[in-house]
Structures are given as structure tokens and as C-alpha cells.
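Each remark here refers to the structure printed beneath this line.
Here, each number is a calculation from the coordinates, and none is a lab measurement. Note that the structure is predicted; figures quoted are calculated from it, not measured. Please note: Cβ atoms are built from the backbone with ideal geometry, for glycine as well, and neighbour counts cover all protein chains shown.
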Amino acid sequence: MKFSKETDEIYRIRLDPGDEIISSLKEFASAQGFQGGFFVGIGAGREFEIGWFDAEKGTYKKGHLVGGFEILSLIGNIGVDEENKHIAHAHITIAGEDHESIGGHLFKGVISVTGEIMFMKSDKPFRRAMDNKFGIFLWEL
């Protein structure tokens, strides 16, 4: 992973082959001392774990995809929990050689060629707390 500072609030991040998207973004935010921000990106990957949240059951239905994929859209945010541990919430749309797209909540994604990501930090922390109804961490507002 490499990055450059565009402005005081905006950073360009390049993920390289073998970099895992979620852990890299959390590592970046932690190293920079950011407790909140948004990101968007594109690129190419080889392995993804994505999910769909079943609100009635309070669980994710996960799928594991391996092969060559274009990252058509990556969007999400990073916040912190009560212990200031970074939490990333990301959604992704990918497509394979058949040009069919699939998407969902991103749990894991490994870069095959590059990941080009813009990160916009927030001046205020994005605090997350466990929501008892759904069993997931939601923003505290």
C-alpha cells in the first residue's frame, strides 16, 4: 500500500497485488490517527468475500468468489468503536470476464493488479456502537 496526501482532508491510496482491502484501509486510518472518513475506489481483485444482510435473522449470507474480477465500485466508511478500534463498513460491486456484476457488503478482497482509492477524512470521529436489534455496529449520532 502506498498513499499520498492531496489536501488536509483527501488522500490517494494505491493498493498493490496481494493487499487485502479492508485490513489495508483500517491500517491506513489507524496509522494516520483518523477516527472517521469515507472512501471510494476502483481496481482489480482475485478473491472476495461478500455478503448480504438478512435483517430478520440478524446474520449475513456470505459468498466467497475466486478468480479475476474488475472492481467496478468500492464505497464505504471507517469509524471506531467504544475502544477506538477501527471498523470499516464497505460495499463493493465486481464483475468477471462474463461482464456479469455482483455486489454486497465487503468482508474481504485481495487485490490482483491495483486498487485506486480516494479517502476523505472527517474532522470528527465516526463512533459505532453495537445495535441490540440487529447485532451489528451502527453509527452513534
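Structure summary
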| item | result |
| --- | --- |
| Against the rule of thumb 2.2 N^0.38 Å, how large the Cα Rg of segment 34-109 comes out | 1.19 |
| Reachable lysines from LYS61, criterion Cα separation under 25 angstrom, eight or more residues apart if same chain | LYS26, LYS85, LYS108, LYS133 |
| Cleavage-rule hits (GluC sites (Glu not before Pro)) in segment 79-141: DSSP loop, at most 16 neighbouring Cβ within 10 angstrom | GLU82, GLU83, GLU97, GLU100, GLU140 |
| Only Lys, Arg (+1) and Asp, Glu (-1) charged, at Cβ; the chain dipole about Cα centre in debye | 260 |
| Principal axis dimensions, segment 87-141 - Cα atoms, whole angstrom, descending | 41, 29, 15 |
| Those trypsin sites (Lys or Arg not before Pro) in segment 47-128 that DSSP places in a loop and that have at most 16 other beta carbons within 10 Å | LYS57, LYS85 |
| CD proxy at 222 nm, helix term only [per DSSP H run n ≥ 4: -39500 (n - 2.57); per residue of the chain; nearest 500] | -2500 deg cm²/dmol |
| Per residue Cα convex hull volume in Å³ - calculated over the chain | 102 |
